Amino acid sequence: SQTYQHILTSRPDPSVTLITLNRPKALNALSSPLFAELNTALLAADEDPEVGAIVLTGSEKAFAAGADIKEMKDKEYADVYKGNFLADWTRITTLRKPVIAAVSGYALGGGCELALMCDIILASPTAKFGQPEINLGVIPGGGGSQRLTHAIGKSRAMELVLTGRNFSAQEAERWGVVSRVVGEGEGVVVKEAVEMARLIAGKGRVAVMAGKEAVNAAYELQLAEGLHFERRLFHGLFATKDQKEGMAAFAEKRKPAFTHS
Ligand code: CAA
């Protein structure tokens, strides 16, 4: 398997790829080389037929402390504009398989935005989220002002983006940014995220992909169009073996054996 310099990849279960951001000395600051590796690993996992779900994590101290400020600080407008700086960050949102972020410690700036681009976020009680870009004389550039506003509403997003203050795991849970805060302890959030990924990977994967597409459509479509899209996806699943198996298994009071087809 491929070796990386700024990330680690492993298979805690044959059906799960775990990607760990690994620039400990820079609190996993998201440099361009790191992001290039991350995108390669994400695409490899998305294309791997054995893999049903992906977990993305950092360290106990930092999920990621943002874009790499030292790499950015001398860039000029023409550089960032011509190079479309940060455009390649959204690759993760094009994945078909679910991505679960397991967040401990700092998830600031681009780190918060990266977590928000994942499908599900689990947080350790130590997680500290925030969009501190205002303190650097800029604003979020990786979707923070948009995805956070969708997630928590205008007033809270405005406060966070304009003051740059961090918000806690508890606030993130209360506001619905994260699906839940796990118990305390080293490695707990990764363990639970991997367990959730394994659970999802065991479902019919055609249905999982359709479910992800349908939920994501809720962010792009008006309600009537979204409901139509959902119903058509639902209809389409009646063409799968997994629908026949899932419903037969229920009627026969046994566990389904999905073949992801
Ligand atoms: N970029 C580059 N290096 C970073 C970094 C970042 N975003 N965050 C931390 N580091 C580096 C520090 O410079 C330091 O390196 P040195 O040892 O070489 O000095 C090392 O990581 C450890 O950091 P600290 O000594 O600062 O650790 P701390 O525990 O005292 O503080 C912290 C932790 C509060 C997270 C602090 O590091 C911090 O404020 N980091 C920057 C957070 C930030 O502003 N993020 C937004 C970046 S802009 C962005 O992301 C734009 C966007 O929308 C895409």
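Loop-only check: which chymotrypsin sites (Phe, Trp or Tyr not before Pro) in segment 190-256 are DSSP coil with at most 12 other Cβ within 10 angstrom? Don't skip to the end; give the middle numbers.
On the way: sites: 219, 229, 234, 238, 250; in loops: 219.
Passing both the DSSP loop test and the Cβ count: 219.
Using the Cα centre of the chain as origin and beta-carbon charges of +1 (Lys, Arg) and -1 (Asp, Glu), tell me which of 228, 69, 163 is placed farthest towards the positive end of the dipole.
228
Please list 144-157, 51-64 highest first by mean number of surrounding beta-carbon atoms within 10 Å per residue.
51-64, 144-157
Using +1 at the C-beta of Lys and Arg and -1 at the C-beta of Asp and Glu, which of 123, 86, 109 has the Cα lying farthest in the positive direction of the dipole of segment 75-148?
123
For helix 205-217, what angle does its Cα long axis make with the longest principal axis of the chain, in degrees from 0 to 90 and rounded to 10?
Long axis of 205-217 versus the principal axis of the chain: about 50 degrees.
Evaluate the charge dipole of the chain about its Cα centre and quote only its size in Debye, nearest 20, assuming +1 on the Cβ of each Lys and Arg and -1 on the Cβ of each Asp and Glu.
On the way: 30 positive and 30 negative charges, 103 e Å.
The calculated dipole for the chain is roughly 500 debye.
At q = 0.21 Å⁻¹, work out log10 I(q)/I(0) for segment 1-141 with the Debye formula, treating every Cα as an identical point scatterer and leaving solvent out; two decimals please.
Result of the Debye calculation: -1.35.
With axes computed from alpha carbons, what is the tilt in degrees of helix 154-163 against the longest principal axis of the chain, rounded to the nearest 10 within 0 to 90?
30
Can you give me the angle between helix 32-47 and the longest principal axis of the chain, using Cα atoms only, in degrees from 0 to 90, rounded to the nearest 10?
Roughly 0 degrees, rounded to the nearest 10.
Compute from the Cα atoms of segment 205-251 the Rg and the Dmax, the latter being the longest Cα-Cα distance, and quote both in angstrom.
For segment 205-251, the Cα radius of gyration and maximum Cα-Cα distance read 12.0, 36 Å.
Filter the GluC sites (Glu not before Pro) in segment 75-159 to those in DSSP coil with at most 12 other Cβ atoms within 10 Å of their Cβ, and list the result.
76
Please list the radius of gyration and Dmax for the chain, considering alpha-carbon atoms only, with Å as the unit.
19.1, 66
Read-outs throughout are calculated quantities, based only on the coordinates presented, and are distinct from any laboratory measurement. All figures in this text were calculated on a predicted structure; none of them were measured in a lab. Note that we place each Cβ from the backbone using ideal geometry, even for glycine, and neighbour counts take in every protein chain shown.
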